[in-house]
Amino acid sequence: MTGFLFAFAAVAVLVAGLLSYVASSQPDGLDATTQRGCTAVQVDGAEQLQGACIAKNATEHPLAKSPLAGYTVDGDNKLTGVAGILGVVAAFALLFAVVNLIRTGRRKQPTAAPEST
């Protein structure tokens, strides 16, 4: 089972590291739906929405300035694959930590002795 998990992790790292460079830069379905009814225009070098759409009410996420925000590393679009790999590594590290906690908890539980009648 461990071999399968390591193979799965290796494939996930390859997919995140390589395919992220060919991913579409267009908005995904949710973004496109929330922007329906608006047009994006450039104002002072920044994109601004004009019209009536849900996306006009959006605010910036508190972690928008974090090092891996926007599928980049510190805002560098050339490092999209690196950000993908770091995300996969973080997800698998969290997975293994949770699995180890569960295993440790199961080992500490006393086994019930069979009842004799």
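All of the numbers you see were taken from the coordinates with simple rules; none came from a lab. What you see is a predicted model; the values in this text were computed from it and never measured. Backbone-built Cβ (ideal geometry, glycine too); neighbour counts: all protein chains shown.
Using 0.36 nm per residue, how much length does the chain from Leu14 to Glu47 gain when fully extended, once their Cα-Cα distance is taken away?
Extending this stretch completely gives an extra 8.6 nm.
Which shape class, rounded, prolate or oblate, goes with the stretch 23-92 when its Cα gyration tensor gives a ≥ b ≥ c as root eigenvalues, a/c under 1.5 marks rounded, and past that a/b bigger than b/c marks prolate?
prolate
Starting from the Cα coordinates of the chain, work out the convex hull volume and express it per residue in Å³.
Spelled out: Cα convex hull of the chain, divided by residues, is 210 Å³.
Between helix 2-18 and the chain, what is the angle of the helix's C-alpha long axis to the longest principal axis, kept within 0 to 90° and rounded to the nearest 10?
Once rounded, one gets 10 degrees.
Just subtract the alpha-carbon distance of Glu60 and Cys38 from 0.36 nm times their residue separation and send over the number in nm, one decimal.
Full-extension gain reported as 6.1 nm.
How much mean residue ellipticity at 222 nm does the chain get from its helices, if each DSSP H run of length 4 or more adds -39500 (n - 2.57) and you divide by all residues, to the nearest 500 deg cm²/dmol?
So the calculated ellipticity at 222 nm is -15000 deg cm²/dmol.
Take each of the peptides 46-57, 77-88, 96-107, average the number of other beta-carbon atoms within 10 Å over its residues, and list them starting from the highest.
77-88, 46-57, 96-107
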